[in-house]
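I have placed the structure first, in the form of structure tokens, so that the comments after it can refer back to it.
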Amino acid sequence: MKMNKEHIDDLIAESLSKDEAEFYYTLDEEGFLKQWGGLYKGKLKGWAIYVTIVQLIFTVITFYLGYKFFTVEDIREIILYGGGFFIAFITVSMLKLWHWMQMDKNSIIREIKRLEFQVAVLSEKSNER
């Protein structure tokens, strides 16, 4: 018997009280923009702001170096601007990867909280019997 996520969620909701069900659904998956906004809350808020500022600076540098790469005519300058562009582009990519990893971590923590909640409810119901 194959069950999909929605069916399992419905079974869980049926077994919870109204207050428990409301709390359970606050822990549900968030959309991309809400996850991205969640980076700027909590313990790593300062780091997220710092990384975003550095990322914006390197994005501007990347566009500038890319523009210069295609507009200069001296081979030495082409190589310097191309190398700088490559380093700045990789830096922007790594900073963006840091943001995505933080969003993934927050999503995993939210799922762990859902599991903890389900275990607590199940434990409470088993103690009532």
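Counting the residues of the range 43-81 that are surrounded by 15 or more Cβ atoms within 10 Å (Cβ to Cβ) and of a type in the set (D, E, K, R) gives 1. Yes or no: Y40 outside any helix (DSSP H, G or I), surrounded by 12 or more Cβ atoms within 10 Å (Cβ to Cβ) and either free of Cβ contacts under 8 Å to residues at least 40 places away in the same chain or in contact with a Gly (Cβ under 6 Å, 6 or more places away or on another chain) (or both)? So Y40 fits the description; yes. Scanning the range 70-110 for residues that are touching a Leu at 6+ places or on another chain (Cβ under 9 Å) and in contact (Cβ under 8 Å) with a residue 40 or more places away in the chain returns H99, Q102, M103, N106, R110.
For L97, are the conditions met, namely being assigned to a helix (DSSP H, G or I) and more than 25 Å from L33 (Cα to Cα)? Walk me through how you get there before you give the answer.
On the way: assigned to a helix (DSSP H, G or I): yes; more than 25 Å from L33 (Cα to Cα): no.
No.
Laboratory data are not the source of any read-out in this text; all were calculated from the coordinates shown. Every value quoted in this text rests on a predicted model; they were computed, and no experiment measured them. With ideal geometry, Cβ positions are generated from the backbone for all residues, glycine too; neighbour counts draw on all protein chains shown.
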